[in-house]
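Have a look at the structure below before the remarks.
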């Protein structure tokens, strides 16, 4: 049978290979392979647990905030450290800001081109484009005929020069594209606007964390001091700046991103493929009280199996019977055999047995990926915006229920439409809008708490290692934009004895497990119809709808076993 191989999948973070078996223009089987290997768990061994966040934050250049947050929560869990209310609010604010930037960037710069035919925009009437834009978002100022005419002229220069630049190598003209030229021109204009907008919202990280990417964190709280009349701390001037950035970000999401998403989706309501196995998991996050109290989470925790929205199962990342990670089809080995391990006992032992040098296809009957295969009670699970959205909907949380119902009503679709590539894309937009409101809520709560006289941001009671037990274990969870993230630490004799992380893309990009169960990418591709297998647009749509971050799931490999680099660091 013919096989489609895409390596690498572009417009993602990191390197992903997909092989798909096609019969009668339909995918009948698929395999997902992470083609790098991650080793940061080994790098942090024997290091001070208070420093680990700064290392594991480098797992990724995109979701840096979430890895740092999961790491410090793991240490705080192990040492039973409670953080001040202000610290919790600031962490929530930084996480929400990450969501708004990450989801919006994903929609426009990583995923929109699966739905938007850039070259078709050259045929658009700028006057009709302006009328469309003013209809779907009447309050947005950049919607004049002249504005879209200028955008079209910039695009025409790219095309006529033969150098499409950032728009190169698309399947332009593919029959799977359905937007009219005016819709395509509007989306391209907003693509360029989003490039400029996204650098503003992350200034919130710079103010609270000193920089972006890789903002600073600290075990026991946050490194930002609150002194309203000071010059070298978070003062009233900086808080006013943050307030303005939040308003600006929420406005862009609600006036540009959401209207564009709904408009584009209205032309693709027949995209019913990409639903996968129907199992969804979320660890939950955004505690209004304490991270140890899941009942206070605004991002819901739980599990849905087999698309059953009538039953939400309990999820506990610390329960050794719930989560096991398998390596039967991954380039690792475990001491004592290939049985699954709970991440608290996780091992990182490389064993590459794949092809050397250039190759045509992977032997998918053997080990074929650097991504492991985590399972919840034996089930392959999808994580991410769709999982959180479905759980919020199933739990009847008002903002999630209302958000989903409004979109379904607008598109005239049943709830079952969420179980698809289009549904996954819509869920990300629904979540972004909800998160914008959470961001405002947390900021207002922070201001109110400061006004009450509370300016504490750090708990130093257990900063000194002399106060620690001889041995301790902890789990730190975080809902990263791409899904459930967990870091597990074992501290022994004041040092990091063992460390393990299961990231969202490890769940979603996982290979077959010991029972032959596909990972979510693989399951979501299987059954997908294709208009033209030589231009696999449908594969890109579904994979991009997850927003893969392979750099999180894997890292650093040289197939010739050569030394790549030697790095000296301060101990």
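A few points about this structure:
- Ordered by the count of other Cβ atoms within 10 Å of each Cβ, fewest first, 325, 345 give 345, 325.
- Global form of segment 267-363, assessed from the alpha-carbon gyration tensor, a/c cut-off 1.5: oblate
- Packing-based exposure ordering (other Cβ within 10 Å, fewest first) of 375, 17: 17, 375
- Sequence-separation-based contact order of segment 329-453, relative, with Cα cut under 8 Å and 6+ spacing, percent: 20 percent
- By average C-beta atoms within 10 angstrom, highest first, the peptides 227-235, 85-93, 398-406, 478-486: 478-486, 85-93, 398-406, 227-235
- What separates the Cα centres of segment 260-299 and segment 82-119 is a distance of 13 Å.
- Taking 114, 270 and counting other C-beta atoms within 10 Å, the order from fewest to most: 270, 114
- Centroid-to-centroid, using Cα positions, segment 164-209 and segment 475-550 are 25 Å apart.
- For peptides 116-124, 431-439, sequence by mean Cβ density within 10 Å, most packed first: 431-439, 116-124
- q = 0.16, 0.20 Å⁻¹: log10 I(q)/I(0) that the Debye formula gives for segment 1-53, counting C-alpha atoms only: -0.63, -0.77
- Peptides 538-548, 452-462 ranked from most to least packed by the mean count of surrounding Cβ atoms within 10 Å: 538-548, 452-462.
- Rounded, prolate or oblate (a/c below 1.5 giving rounded, otherwise prolate when a/b exceeds b/c) for segment 428-547 by Cα gyration tensor: oblate
- Sequence-distant contacts, meaning Cα pairs under 8 Å at least 6 residues apart, place the relative contact order of the chain at 26 percent.
- The chain - mean residue ellipticity at 222 nm from DSSP helices (-39,500 (n - 2.57) per run, n ≥ 4, rounded to 500): -11000 deg cm²/dmol
- Taking every alpha-carbon pair under 8 Å whose residues sit at least 6 apart, segment 134-264 reaches a relative contact order of 27 percent.
Rule-based calculations on the coordinates, nothing more; no lab input. Just so it is clear, the model here is predicted, and its values are computed rather than measured. Virtual Cβ from ideal backbone geometry, glycine too; neighbours counted across all protein chains shown.
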